[in-house]
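Derivation of every value follows stated rules applied to the coordinates shown; laboratory data play no part. None of these values were measured; they are calculated from a predicted model. Glycine also receives a Cβ, built like all others from the backbone with ideal geometry; neighbour counts cover every protein chain displayed.
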Amino acid sequence: MNSLWSYLQANHAQLGRWTVATLWLSTAPLVTGLVAAVPVGWLASRNRVAALILLGGTGALYTVPSLVMFLTLPGLLGTRILDPINVAVALTIYSVALLTRTVTGALSAVPADVTGAATAVGYNRFQLLIAVQLPVALPVIAAGVRAAAVANVSLVSVASIIGTAQLGQLFVIGTNTGSLTPIVLGLLLFVALALVIDLAIVATARILTPWRQAATR
Amino acid sequence: MIQFDAVTKRYPDGSVAVHEFTLEVPTGQITVFVGPSGCGKTTTLRMVNRMTEPTSGRVLIDGRDLTAIKATRLRRGIGYVIQNAGLFPNRTIVDNVATVPRLLGQPRRAARRHALDLLSQVGLSAELGARYPAQLSGGQQQRVGVARALAADPPVLLMDEPFSAVDPVVREQLQNELLRLQHDLGKTIIFVTHDIDEAIKLGDHVAVMRTGGTLAQFAAPADLLTRPADSFVAAFVGRDRGYRALGFARADSLAVIDEQPVRLGDPMTTARDRQRDGWVLVVDTDRTPVGWLSPAGHRLDDTIAAAHLNLGGTLARRGESLREALDAALSSPSGRGVVVDEGGRLAGTVTAAQVLDGVKARAADGLARSARQGGRG
Amino acid sequence: MTEDAGNGLPGLHRVQIWLNDPGNWSGSEGMLARLGEHIEYTAVIIALAVLVAVPLGTAIGSTGRGTVAAAAAANALRAVPTLGLLVLLIVVVSPRVSIGAGIPGIIPSGGIPYFLPALLVLLILAVPPILTSTYAGIQAIDPAVRDAARGSGMTALHAAIRIELPCAIPVVMSGIRSATLQVIANLTVAAYAPLVGGLGRFIVDGDQNLSDPRFGYPAMIAAGLGIAALVVATDGALKALQRQISSPGIRIRPSKRPS
């Protein structure tokens, strides 16, 4: 693996920029997606008709293949094809699609006893959501965020086909030069990145739900 | 005959489910394993069809060690009924019942026909055969479970809390039907329950097990009630032991007093003439008791109608248990318990005092009998 | 008609023009042919994935052993970027495969060295969802049903095939549906490998040559629409298939009626 190390050293500036780009492209859409998914998912969990429309709509969006999304958005947004904004918007759309379904399911799974008790105490709908439902639903939502994160990281690499500057370019270089080193390096870095993001999500979820650790002690 | 020989079940984490369990289950009778949660009754049962294997000790059927028989072959010869029935949701009722005959190689058409017969034996109509388990109620599913277990006519039946998941009314029906089936079929049945009353009602023999998997007492139900082996068994059998033991005492020798009834539609004056201690029994045209009447509260020019009646007393069948007779006397507003014959028609009345005299006489007989046996030995 | 967007791309109105031109639909490189290829490849890959994943998943779910390993493997595979894996296999495998011939109508001559990596990558993508949904579906079956199956004297294999798998069909099919959608979508990425057909060919080639009237940007978007339509149609077809193969007993909502 000497060749990997020397390649890393030789190109570390470029790789550094690409890593930052990849990180930003995979995580920023996740956060915006989650923020958008909570109100949408909440609406869908309360009303069956809303659920049909919202989940059906987001589900349809999710089926659009990534490359297609990356290529259609420039036409819609007026950006250039290899502008990273396309990728960010596309991944945000996917994250919203995935996480809305997760949030809806997680909120619906909060036991009726718990929400009933809180309502009887006098919480209004907003307080109920923030103080009771979201904390209880957090573990399930966290699992959904982890799944979405892994999907996003993988999707970012697909953007290399259209030329966006991120770690996936290593694969393009590898194809063009027929050299294994950048490819293997790229695979390792992507997997490492996915792992780091996964651990970060798990750690965040654990910090936000201290009562679960107490229960298992 | 099924033999448990010092059977022990220990799990890898050290917990012991069954400890040195030795018992002989008699052929052709219902043996009930009963005990609190964690007493190992289900684990022991499952050793008979090798769903669980003992850590040490042996289980033998008619002298043959179970480990010598191939597990799947063994199970096709043993009926297995579990709580919630475990019916296969993807198969129709008929195909569920025909499971074991099909496994044994019976052709499909014959197996299905036989299955339909079995459905009527367990009290279900044939049209249910084409339905799926999800369309049946809990009680119906449980009956199908029993039919499925009986389909290949196995000599042994294992039943693991089969009636625990249904409501009390259905449970009583299922218990009575099991007793009826057993009367016709005479199988060797091991029945597991946590309900001591069910054990006493169904069992020819009852094995009481302790938490930790040891056998506390193995006896006939009457003996369990009258001579519990230790404080655990006594506590487990519960209160009202004396009263419940009366359920095993026959009332053959109990004499009934004649009772002069009146009929529905008779004038109130007749009631007043025939009353005794303020009460008269009212029957309908074929001498079936319908209730008690206290003429004092009614107008003399009235005729006796159903609305006037007190329906409080239970009916005791002639020659059945002292417990029925006592309950009839205790629950009757007049203090005279109504006794009926096999057709449900009035045979006479008994008082609580008479029943208690009968109890004393039995106790005296029992003492005399054991004195004679002691003398002989 | 020069309402092109200022970003150097032909405007989206060109897509309509492209779709209306019959020449773009016919021929061995036309829309219909590519659509056919896309469907063929998806069918083959899913069939292979089912052949691998369903028996394995049934064994895992039925015996209860290996769930942790399977879950970990499935998760790990999801983290590997599809494009990276494809490229790796192309660089490693393709030079070593010297089958020059093709399969008429399916694979163009000289295509096999590139099809193999694509096939492998898509298999790796399709197997985990089917595997996890199969063993999860079987483990979700009422334990009483599985107990009764073994207790009646069925062998483990008989119980798994005749009782457990049929009862798990709804969950297994949802995994197959999910895998199929993944494959349809990722065939576009697989087209990065030269000579691999399917609608992705329009997309990857179009990117090299955006303003080409035949294979450029409008073709890409049209192909994208085609894929979206294919996804919807396939999902519907699979749902219908699921209804066909599930036993009526599984589909019924339990209705409690008094005995």
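Of the beta bridges in the stretch B:2-248, as assigned by DSSP with both residues counted there, near 50 percent are antiparallel. Computed across chain A, the Kirkwood radius stands at 19.1 Å (inverse of mean 1/r, all Cα pairs).
Comparing A:157, A:179, A:26 in a Gaussian network model of chain A where C-alpha atoms under 10 Å apart are linked, the largest mean-square fluctuation is found at A:179. Highest GNM mean-square fluctuation among B:79, B:344, B:186, for chain B modelled with Cα contacts below 10 Å: B:344. Against the empirical curve 2.2 N^0.38 Å, the C-alpha radius of gyration of the protein assembly as shown lands at a ratio of 1.34. Normalising the average separation of contacting C-alpha pairs (under 8 angstrom, six or more residues apart) by the number of residues puts the relative contact order of chain B at 15 percent. Peptide C:225-232 has a mean of 3 when you count, residue by residue, the C-beta atoms of other protein chains within 10 Å of its C-beta.
May I ask for the angle, rounded to the nearest 10°, between helix B:168-185 and the longest principal axis of chain B, with both axes built from Cα atoms and the value confined to 0 to 90°? Tilt relative to chain B: about 70 degrees.
Here the Gaussian network model covers chain B, with springs between Cα atoms less than 10 Å apart; of B:282, B:206, B:100, B:282 fluctuates the most. Remark: mean inter-chain Cβ contacts per residue of B:96-103 equal 2, using a 10 Å Cβ-Cβ cutoff to other protein chain atoms.
Set the Cα radius of gyration of the stretch B:262-357 against 2.2 N^0.38 Å, with N its number of residues, and you get 1.06.
Mean partner shielding of peptide C:33-45, defined as the number of other chain Cβ atoms within 10 Å of each residue Cβ, is 0. Taking Cα atoms only, the orientation of helix A:134-158 departs from the longest principal axis of chain A by about 20 degrees.
Loop-only trypsin sites (Lys or Arg not before Pro) in the stretch B:235-303, please: DSSP not H, G, I, E or B, and at most 16 other Cβ atoms within 10 Å.
B:239, B:287, B:299
Under the classification rounded if a/c is under 1.5, otherwise prolate if a/b is larger than b/c and oblate if not, where does chain B fall, given a ≥ b ≥ c as square roots of the Cα gyration tensor eigenvalues? Because a/c hits 1.5 or more and a/b fails to exceed b/c, chain B counts as oblate. Of interest is the spacing of the C-alpha centroids, which for the stretch B:119-175 and the stretch A:70-121 amounts to 49 Å. On the basis of the beta-carbon distance and an R0 of 41 Å, residue B:125 and residue B:284 show a calculated FRET efficiency of 0.80. Among beta bridges from DSSP that stay inside the stretch B:262-357, the antiparallel ones total about 70%. Straight-line reach from residue B:187: taking Cα to Cα under 23 Å and skipping same-chain neighbours fewer than 8 places apart, the lysines in range are B:41, B:70, B:201. The peptide list B:214-221, C:146-153, B:10-17, B:148-155, put in order of mean Cβ contacts within 10 Å with the highest first, becomes C:146-153, B:148-155, B:214-221, B:10-17. Net length available on complete extension from residue B:37 to residue B:314 is 96.2 nm, with 0.36 nm assigned per residue and the Cα-Cα distance removed. Considering the stretch B:36-84, its Cα convex hull presents a mean projected area of 4.3 nm². Report the Cα centroid-to-centroid distance between the stretch C:138-190 and the stretch B:1-64 in angstrom, as an integer. Computed from Cα coordinates, the inter-centre distance equals 34 Å. Take B:31-39, C:131-139 and order them by the average number of nearby Cβ atoms within 10 Å per residue, most first; the result is C:131-139, B:31-39.
For chain A, the longest principal axis of the Cα atoms and the long axis of helix A:84-108 meet at an angle of about 30 degrees.
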